[in-house]
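The values are calculated or read from the model by the stated rules, or taken from the named source; none is laboratory data. Small disclaimer: the values here were computed from a predicted structure and weren't measured. Here the Cβ positions follow ideal geometry from the backbone for every residue, glycine too, while neighbour counts run over all protein chains shown.
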Amino acid sequence: MTSRLRHLTTLEHLPRECIERLLDRAIAMRDACAHGTRKLDLLRGRTVLNLFFEPSTRTRTSFELAARRLGADVVNFDIGFSSTSKGEELYDTLHTLEAMHLDAIVVRHKQSGTPEELVRHAMSGVSVINAGDGNRAHPTQGLLDALTIRQHRPDFENLVVTICGDIRHSRVARSDVHALSALGTGEIRLCGPAPLMPDPAEFPNCRFYDDFDAAIEGANVAIMLRLQKERMASTDLPDEAAYFARYGLDVRRLARAAKGCLVMHPGPINRGIEIATEVADGAQSRILEQVGNGVFVRMAVLGEVLAR
Ligand code: ASP
(Lines give C-alpha, C1' and ligand atoms only; values in the text may rest on other atoms or scores of the structure.)
Protein backbone atom coordinates (compact mmCIF):
# COMPACT_ATOMS: atom_id res chain seq x y z
CA MET A 1 0.00 0.00 0.00
CA THR A 2 1.36 3.44 -0.95
CA SER A 3 1.80 5.93 1.85
CA ARG A 4 -0.73 8.65 2.42
CA LEU A 5 -0.26 11.89 0.44
CA ARG A 6 0.65 14.99 2.43
CA HIS A 7 0.20 17.32 -0.57
CA LEU A 8 -1.39 16.95 -4.00
CA THR A 9 0.37 19.08 -6.60
CA THR A 10 0.24 16.77 -9.65
CA LEU A 11 -0.89 13.29 -10.68
CA GLU A 12 2.32 12.73 -12.62
CA HIS A 13 4.14 9.66 -11.27
CA LEU A 14 1.37 8.83 -8.79
CA PRO A 15 1.03 5.06 -8.72
CA ARG A 16 -2.17 3.42 -9.91
CA GLU A 17 -3.06 2.20 -6.42
CA CYS A 18 -2.89 5.73 -5.03
CA ILE A 19 -5.20 7.04 -7.76
CA GLU A 20 -7.56 4.12 -7.22
CA ARG A 21 -7.55 4.71 -3.46
CA LEU A 22 -8.59 8.35 -4.00
CA LEU A 23 -11.34 7.32 -6.43
CA ASP A 24 -12.60 4.67 -3.99
CA ARG A 25 -12.56 7.22 -1.21
CA ALA A 26 -14.57 9.62 -3.44
CA ILE A 27 -17.21 6.91 -3.89
CA ALA A 28 -17.29 6.36 -0.12
CA MET A 29 -17.84 10.10 0.32
CA ARG A 30 -20.61 10.04 -2.28
CA ASP A 31 -22.31 7.12 -0.53
CA ALA A 32 -22.05 8.78 2.86
CA CYS A 33 -23.67 11.93 1.43
CA ALA A 34 -26.34 9.86 -0.37
CA HIS A 35 -27.37 8.31 2.94
CA GLY A 36 -28.57 11.67 4.09
CA THR A 37 -25.43 12.76 5.91
CA ARG A 38 -25.06 16.35 4.77
CA LYS A 39 -22.01 16.84 6.91
CA LEU A 40 -19.31 14.52 8.16
CA ASP A 41 -17.02 15.60 10.94
CA LEU A 42 -13.77 14.14 9.64
CA LEU A 43 -12.16 17.59 9.48
CA ARG A 44 -13.88 19.30 12.40
CA GLY A 45 -11.61 21.97 13.85
CA ARG A 46 -9.40 22.15 10.74
CA THR A 47 -9.10 25.21 8.50
CA VAL A 48 -8.85 25.14 4.71
CA LEU A 49 -7.75 28.23 2.80
CA ASN A 50 -8.88 28.67 -0.81
CA LEU A 51 -6.17 30.87 -2.34
CA PHE A 52 -7.21 31.69 -5.91
CA PHE A 53 -5.05 33.98 -8.03
CA GLU A 54 -7.04 33.08 -11.17
CA PRO A 55 -10.81 33.11 -11.65
CA SER A 56 -12.73 29.91 -10.95
CA THR A 57 -16.34 28.90 -10.60
CA ARG A 58 -16.64 25.14 -10.31
CA THR A 59 -13.32 24.33 -8.69
CA ARG A 60 -13.45 26.93 -5.96
CA THR A 61 -17.07 26.31 -5.11
CA SER A 62 -16.61 22.58 -4.99
CA PHE A 63 -13.49 22.77 -2.81
CA GLU A 64 -15.46 24.98 -0.47
CA LEU A 65 -18.43 22.62 -0.39
CA ALA A 66 -16.13 19.63 0.03
CA ALA A 67 -14.32 21.19 3.00
CA ARG A 68 -17.58 22.27 4.65
CA ARG A 69 -19.17 18.86 4.17
CA LEU A 70 -16.23 17.39 6.05
CA GLY A 71 -16.80 19.83 8.89
CA ALA A 72 -13.79 22.10 8.22
CA ASP A 73 -13.76 25.89 8.44
CA VAL A 74 -13.09 27.60 5.10
CA VAL A 75 -11.43 30.91 4.34
CA ASN A 76 -11.71 32.18 0.75
CA PHE A 77 -9.05 34.48 -0.57
CA ASP A 78 -9.61 35.57 -4.18
CA ILE A 79 -6.79 37.68 -5.42
CA GLY A 80 -7.64 37.96 -9.09
CA PHE A 81 -5.15 39.78 -11.21
CA SER A 82 -2.37 41.62 -9.48
CA SER A 83 0.29 43.85 -10.94
CA THR A 84 2.84 42.94 -8.29
CA SER A 85 5.58 40.51 -9.20
CA LYS A 86 4.89 36.85 -8.66
CA GLY A 87 7.22 36.55 -5.66
CA GLU A 88 5.70 39.50 -3.83
CA GLU A 89 2.13 38.49 -4.40
CA LEU A 90 2.69 34.92 -3.37
CA TYR A 91 4.94 35.17 -0.33
CA ASP A 92 3.47 38.30 1.20
CA THR A 93 0.08 36.71 0.98
CA LEU A 94 1.29 33.40 2.29
CA HIS A 95 3.01 34.85 5.34
CA THR A 96 0.05 37.05 6.15
CA LEU A 97 -2.30 34.12 5.98
CA GLU A 98 -0.10 31.70 7.87
CA ALA A 99 -0.87 33.56 11.05
CA MET A 100 -4.41 32.14 10.76
CA HIS A 101 -3.26 28.61 11.67
CA LEU A 102 -4.23 26.89 8.49
CA ASP A 103 -4.21 23.16 7.90
CA ALA A 104 -4.48 23.17 4.10
CA ILE A 105 -4.02 25.63 1.27
CA VAL A 106 -5.91 25.04 -1.97
CA VAL A 107 -4.11 27.14 -4.56
CA ARG A 108 -4.77 28.21 -8.15
CA HIS A 109 -2.19 30.34 -9.94
CA LYS A 110 -1.38 31.27 -13.53
CA GLN A 111 2.28 30.42 -12.95
CA SER A 112 3.13 26.74 -13.40
CA GLY A 113 4.99 25.33 -10.38
CA THR A 114 3.41 27.63 -7.78
CA PRO A 115 2.02 24.75 -5.66
CA GLU A 116 5.51 23.24 -5.29
CA GLU A 117 6.86 26.64 -4.28
CA LEU A 118 4.20 26.83 -1.61
CA VAL A 119 5.11 23.34 -0.40
CA ARG A 120 8.69 24.61 0.02
CA HIS A 121 7.69 27.85 1.77
CA ALA A 122 4.58 27.00 3.75
CA MET A 123 4.82 26.19 7.44
CA SER A 124 5.41 22.57 8.14
CA GLY A 125 2.18 20.76 8.84
CA VAL A 126 0.30 22.72 6.18
CA SER A 127 -0.88 20.64 3.20
CA VAL A 128 -0.94 22.15 -0.27
CA ILE A 129 -3.49 21.10 -2.90
CA ASN A 130 -3.18 22.30 -6.46
CA ALA A 131 -6.42 23.69 -7.93
CA GLY A 132 -4.71 24.43 -11.29
CA ASP A 133 -1.30 25.95 -12.04
CA GLY A 134 -0.71 27.54 -15.45
CA ASN A 135 -0.85 24.90 -18.15
CA ARG A 136 0.80 22.29 -15.96
CA ALA A 137 -1.56 20.37 -13.71
CA HIS A 138 -5.11 20.25 -12.37
CA PRO A 139 -4.97 17.04 -10.38
CA THR A 140 -8.46 17.06 -8.89
CA GLN A 141 -9.90 17.57 -12.39
CA GLY A 142 -7.86 14.58 -13.61
CA LEU A 143 -9.26 12.51 -10.74
CA LEU A 144 -12.86 13.58 -11.24
CA ASP A 145 -12.62 12.86 -14.96
CA ALA A 146 -11.19 9.40 -14.22
CA LEU A 147 -13.98 8.79 -11.68
CA THR A 148 -16.67 9.83 -14.16
CA ILE A 149 -15.25 7.46 -16.78
CA ARG A 150 -14.82 4.63 -14.25
CA GLN A 151 -18.48 4.85 -13.20
CA HIS A 152 -19.51 3.97 -16.77
CA ARG A 153 -16.50 2.09 -18.11
CA PRO A 154 -14.25 0.56 -15.44
CA ASP A 155 -12.44 -1.47 -18.12
CA PHE A 156 -9.84 1.21 -18.85
CA GLU A 157 -7.63 -1.15 -20.85
CA ASN A 158 -10.38 -1.49 -23.50
CA LEU A 159 -11.00 2.23 -23.86
CA VAL A 160 -10.13 4.71 -26.55
CA VAL A 161 -10.18 8.21 -25.08
CA THR A 162 -9.98 11.24 -27.39
CA ILE A 163 -9.02 14.60 -25.91
CA CYS A 164 -9.63 17.44 -28.36
CA GLY A 165 -8.87 21.15 -28.34
CA ASP A 166 -6.20 23.41 -26.97
CA ILE A 167 -4.00 20.66 -25.53
CA ARG A 168 -0.86 22.81 -25.44
CA HIS A 169 -2.23 25.26 -22.88
CA SER A 170 -4.39 22.80 -20.96
CA ARG A 171 -3.55 21.65 -17.44
CA VAL A 172 -6.66 19.47 -17.62
CA ALA A 173 -5.27 17.55 -20.61
CA ARG A 174 -2.02 16.92 -18.72
CA SER A 175 -3.69 15.70 -15.54
CA ASP A 176 -6.20 13.61 -17.52
CA VAL A 177 -3.37 11.92 -19.42
CA HIS A 178 -1.51 11.22 -16.16
CA ALA A 179 -4.59 9.67 -14.55
CA LEU A 180 -5.66 7.73 -17.64
CA SER A 181 -2.15 6.39 -18.22
CA ALA A 182 -1.81 5.26 -14.60
CA LEU A 183 -5.15 3.46 -14.88
CA GLY A 184 -3.97 1.56 -17.95
CA THR A 185 -6.16 3.19 -20.63
CA GLY A 186 -5.92 1.28 -23.92
CA GLU A 187 -5.45 4.26 -26.22
CA ILE A 188 -5.26 8.00 -25.60
CA ARG A 189 -5.63 10.28 -28.63
CA LEU A 190 -4.81 13.97 -28.58
CA CYS A 191 -6.29 16.17 -31.31
CA GLY A 192 -6.12 19.85 -32.16
CA PRO A 193 -4.72 22.38 -34.61
CA ALA A 194 -0.91 22.37 -34.86
CA PRO A 195 -0.32 25.66 -32.95
CA LEU A 196 -2.35 24.30 -30.03
CA MET A 197 -0.65 20.91 -29.85
CA PRO A 198 2.14 20.15 -27.37
CA ASP A 199 5.54 18.65 -28.01
CA PRO A 200 4.91 14.92 -28.64
CA ALA A 201 7.90 14.11 -26.41
CA GLU A 202 5.81 15.27 -23.45
CA PHE A 203 3.12 12.67 -24.18
CA PRO A 204 4.95 9.53 -25.23
CA ASN A 205 1.91 7.23 -24.67
CA CYS A 206 -0.52 9.26 -26.76
CA ARG A 207 -1.40 9.26 -30.44
CA PHE A 208 -1.49 12.66 -32.12
CA TYR A 209 -4.15 13.77 -34.64
CA ASP A 210 -4.98 16.97 -36.44
CA ASP A 211 -8.11 15.57 -38.07
CA PHE A 212 -10.91 15.34 -35.51
CA ASP A 213 -13.05 13.08 -37.74
CA ALA A 214 -10.25 10.51 -37.58
CA ALA A 215 -9.54 11.08 -33.87
CA ILE A 216 -13.17 10.55 -32.80
CA GLU A 217 -13.64 7.39 -34.92
CA GLY A 218 -14.50 4.53 -32.52
CA ALA A 219 -13.72 6.58 -29.37
CA ASN A 220 -15.41 5.54 -26.11
CA VAL A 221 -14.81 8.87 -24.40
CA ALA A 222 -14.51 12.37 -25.91
CA ILE A 223 -13.06 15.05 -23.65
CA MET A 224 -13.47 18.50 -25.19
CA LEU A 225 -11.33 21.42 -24.07
CA ARG A 226 -11.80 25.17 -24.04
CA LEU A 227 -9.48 27.44 -26.01
CA GLN A 228 -7.25 28.88 -23.25
CA LYS A 229 -7.23 32.40 -24.68
CA GLU A 230 -5.63 33.78 -21.52
CA ARG A 231 -2.54 31.60 -22.11
CA MET A 232 -2.27 32.16 -25.86
CA ALA A 233 -0.46 34.63 -28.05
CA SER A 234 -3.11 36.55 -29.99
CA THR A 235 -1.55 35.21 -33.22
CA ASP A 236 -2.39 31.64 -32.15
CA LEU A 237 -6.06 32.44 -31.65
CA PRO A 238 -8.04 30.59 -34.29
CA ASP A 239 -11.10 32.00 -36.01
CA GLU A 240 -13.92 30.56 -33.87
CA ALA A 241 -16.28 29.56 -36.68
CA ALA A 242 -13.46 27.86 -38.59
CA TYR A 243 -12.33 26.16 -35.37
CA PHE A 244 -15.81 24.78 -34.69
CA ALA A 245 -16.05 23.49 -38.25
CA ARG A 246 -12.82 21.48 -37.83
CA TYR A 247 -12.63 20.69 -34.11
CA GLY A 248 -16.11 21.19 -32.67
CA LEU A 249 -18.02 18.17 -31.38
CA ASP A 250 -21.38 18.14 -33.13
CA VAL A 251 -24.01 15.45 -33.65
CA ARG A 252 -22.49 14.33 -36.95
CA ARG A 253 -19.05 13.81 -35.42
CA LEU A 254 -20.37 12.13 -32.31
CA ALA A 255 -22.00 9.55 -34.59
CA ARG A 256 -18.48 8.48 -35.71
CA ALA A 257 -17.53 7.60 -32.10
CA ALA A 258 -18.26 4.22 -30.51
CA LYS A 259 -21.86 3.64 -29.42
CA GLY A 260 -22.52 5.31 -26.07
CA CYS A 261 -19.35 7.42 -26.23
CA LEU A 262 -19.17 9.54 -23.06
CA VAL A 263 -19.04 13.28 -23.78
CA MET A 264 -17.05 15.28 -21.26
CA HIS A 265 -15.85 18.85 -20.78
CA PRO A 266 -14.19 20.42 -17.71
CA GLY A 267 -16.05 23.72 -18.20
CA PRO A 268 -16.48 26.54 -18.74
CA ILE A 269 -18.12 25.46 -22.00
CA ASN A 270 -18.12 27.63 -25.08
CA ARG A 271 -21.12 26.40 -26.99
CA GLY A 272 -20.67 26.58 -30.74
CA ILE A 273 -16.88 26.82 -30.40
CA GLU A 274 -15.67 23.50 -29.00
CA ILE A 275 -19.03 21.76 -28.58
CA ALA A 276 -22.53 22.07 -30.04
CA THR A 277 -25.37 22.77 -27.63
CA GLU A 278 -27.26 19.60 -28.67
CA VAL A 279 -24.21 17.52 -27.71
CA ALA A 280 -23.38 19.41 -24.50
CA ASP A 281 -26.97 18.94 -23.33
CA GLY A 282 -27.53 15.59 -25.05
CA ALA A 283 -28.08 12.09 -23.66
CA GLN A 284 -24.41 11.17 -23.85
CA SER A 285 -23.18 14.24 -22.02
CA ARG A 286 -21.56 13.53 -18.64
CA ILE A 287 -20.66 17.17 -18.03
CA LEU A 288 -22.93 17.74 -15.03
CA GLU A 289 -21.91 14.38 -13.61
CA GLN A 290 -18.30 15.62 -13.76
CA VAL A 291 -19.29 18.67 -11.73
CA GLY A 292 -21.03 16.52 -9.11
CA ASN A 293 -18.08 14.13 -8.89
CA GLY A 294 -15.80 17.11 -8.35
CA VAL A 295 -17.18 17.62 -4.84
CA PHE A 296 -16.66 13.95 -3.86
CA VAL A 297 -13.14 13.84 -5.31
CA ARG A 298 -12.20 17.01 -3.43
CA MET A 299 -13.66 15.57 -0.22
CA ALA A 300 -11.51 12.49 -0.82
CA VAL A 301 -8.36 14.53 -1.40
CA LEU A 302 -8.93 16.79 1.63
CA GLY A 303 -9.66 13.71 3.73
CA GLU A 304 -6.47 12.04 2.55
CA VAL A 305 -4.05 14.93 3.07
CA LEU A 306 -5.57 16.09 6.34
CA ALA A 307 -6.18 12.73 8.00
CA ARG A 308 -4.59 12.66 11.41
N1 ASP B 1 -11.65 24.86 -15.53
C2 ASP B 1 -10.53 24.23 -16.18
C3 ASP B 1 -9.22 24.84 -15.72
O4 ASP B 1 -9.19 25.58 -14.78
C5 ASP B 1 -10.65 24.23 -17.66
C6 ASP B 1 -10.68 25.57 -18.32
O7 ASP B 1 -10.62 26.61 -17.66
O8 ASP B 1 -10.79 25.57 -19.53
O9 ASP B 1 -8.20 24.52 -16.28
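Given the structure, is residue 253 part of a loop (DSSP other than H, G, I, E, B) and either at pLDDT below 95 or closer than 21 Å to residue 211 by Cα (or both)?
no
Give the residue that is farthest from residue 48 (Cα to Cα), with candidates limited to residues of region 109-146 that are in a helix (DSSP H, G or I), among the hydrophobic types (A, V, I, L, M, F, W, C) and within 16 Å of the ligand (Cβ to nearest atom).
Quick first cut of region 109-146, residues in a helix (DSSP H, G or I) only: 114-121, 139-146.
Right, trim to among the hydrophobic types (A, V, I, L, M, F, W, C) and you get 118-119, 143-144, 146.
Next cut, within 16 Å of the ligand (Cβ to nearest atom) only: 143-144, 146.
On the way: 143: 20, 144: 20, 146: 25 Å.
Once the filter is applied, the top-ranked residue is 146.
I need the full set of residues from region 151-167 which are of a type outside the set (Gly, Ala, Ser), in contact (Cβ under 8 Å) with a residue 60 or more places away in the chain and within 16 Å of the ligand (Cβ to nearest atom), in order please.
Answer for region 151-167, where residues must be of a type outside the set (Gly, Ala, Ser), in contact (Cβ under 8 Å) with a residue 60 or more places away in the chain and within 16 Å of the ligand (Cβ to nearest atom): 163, 164, 166.
Hey, among 291, 279, 295, which residue is within 13 Å of the ligand (Cβ to nearest atom), at pLDDT 95 or above and not in a loop (DSSP other than H, G, I, E, B)?
Just a single option satisfies the conditions, and that option is 291.
If I go through region 184-230 residue by residue, how many of them are more than 16 Å from the ligand (Cβ to nearest atom), touching a helix residue (DSSP H, G or I) at 6+ places or on another chain (Cβ under 7 Å) and of a type in the set (Gly, Ala, Ser)?
Result for region 184-230: 2.
Could you list, ordered by first residue, the pairs with Cβ atoms under 8 Å in which the first is in region 43-60 and part of a strand (DSSP E or B) and the second is within 9 Å of the ligand (Cβ to nearest atom), at least 6 apart or interchain?
Between residues of region 43-60 that are part of a strand (DSSP E or B) and residues that are within 9 Å of the ligand (Cβ to nearest atom), the close pairs are 50/131; 51/108; 52/108; 52/131.
For region 135-156, enumerate the residues that are out of contact with any Lys or Arg (no Cβ under 6 Å at 6 or more places or on another chain) and either at positive phi or surrounded by 24 or more Cβ atoms within 10 Å (Cβ to Cβ) (or both).
139, 141, 142, 143, 144, 145, 146, 147, 149
When you check residue 260 against the structure, is it in a loop (DSSP other than H, G, I, E, B), surrounded by fewer than 16 Cβ atoms within 10 Å (Cβ to Cβ) and of a type outside the set (Ser, Thr, Tyr), yes or no?
yes
Residues of region 135-164 being in contact with a Gly (Cβ under 8 Å, 6 or more places away or on another chain), closer than 19 Å to residue 215 by Cα and among the hydrophobic types (A, V, I, L, M, F, W, C), which ones?
The answer is 156, 159, 160, 164.
Considering each of 215, 219 in turn, give the residue that is part of a loop (DSSP other than H, G, I, E, B), under 27 Å from residue 154 (Cα atoms) and free of Cβ contacts under 8 Å to residues at least 60 places away in the same chain.
Unique residue meeting the criteria: 219.
Which condition number does residue 74 fail, the rest of (1) modelled with pLDDT of 95 or more; (2) touching an Asp or Glu at 6+ places or on another chain (Cβ under 6 Å); (3) within 16 Å of the ligand (Cβ to nearest atom) being met?
(3)
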